[in-house]
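Okay, so here's the structure we're looking at.
What follows is calculated from the coordinates using simple rules that are stated; it is not laboratory data. Remember, it's a predicted structure, so these values are computed and weren't measured experimentally. Please note: Cβ atoms are built from the backbone with ideal geometry, for glycine as well, and neighbour counts cover all protein chains shown.
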């Protein structure tokens, strides 16, 4: 059984190098672009195919990534050479987490029943920023099963202000009162 290799150690190395060269944000963009590129099944299959020579894989990478920083392109070439194409997503996630920690940012996931208006999103962003006393980067999601309200995920903490959770709490409360009587 093949073991899955994490991209975390590569992320740490490229983060330290990016910090030295003042290219953290540029490389974050390059890694995000590469991760998106690897969503293309045909290109991913080419890079993972055992019968395709490594030299041909590197030529394909160099052609497709000609606009990316050479250091990042070389990193991708290294990962492909080692058969670690699947580690790119882990690498990008770990790299982003290192940048966020370095800059004192916190990623936050906000789920609502309907898409948030820009001013509502700004209020939520300000609320969470004041709550945790950090700059926040908010990602939004829409899930109509929560019925209303918001669910805010901050790291491993969950603030559930959804209508569905309140209704569930009310149902449990009523159920326990009925049983107690």
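Can you give the % of DSSP beta bridges in the chain that are antiparallel, to the nearest 5?
If we restrict to bridges inside the chain, about 60 percent are antiparallel.
Just to compare against my own numbers: the Cα pair-distance distribution for the stretch 1-93, 10 Å bins, whole % per bin, please. Pairs per bin, as whole percents: 16, 53, 27, 4, 0. Shown for 136, 114: other C-beta atoms within 10 Å of each C-beta, ranked fewest to most, produce the order 114, 136. Compute the separation of the alpha-carbon centres of the stretch 62-83 and the stretch 2-42 and state it in Å as a whole number. Computed from Cα coordinates, the inter-centre distance equals 10 Å. Here, the chain is characterised by an Rg to Rh ratio of 1.13, where Rg is the alpha-carbon radius of gyration and Rh the Kirkwood radius. If you run the Gaussian network model on the chain, springs between alpha carbon atoms under 10 Å, then out of 13, 169, 87 the most flexible one is 169.
Roughly what % of DSSP beta bridges within the stretch 80-181 run antiparallel, to the nearest 5? Roughly 60 percent of the DSSP beta bridges within the stretch 80-181 come out antiparallel. Each helix, a run of at least 4 DSSP H residues, gives -39500 (n - 2.57); summed and divided by the residues of the chain, these come to -19500 deg cm²/dmol at 222 nm.
Report the rotationally averaged projected area of the stretch 105-180 based on its alpha-carbon convex hull, in square nanometres.
The number I arrive at for the stretch 105-180 is 5.8 nm².
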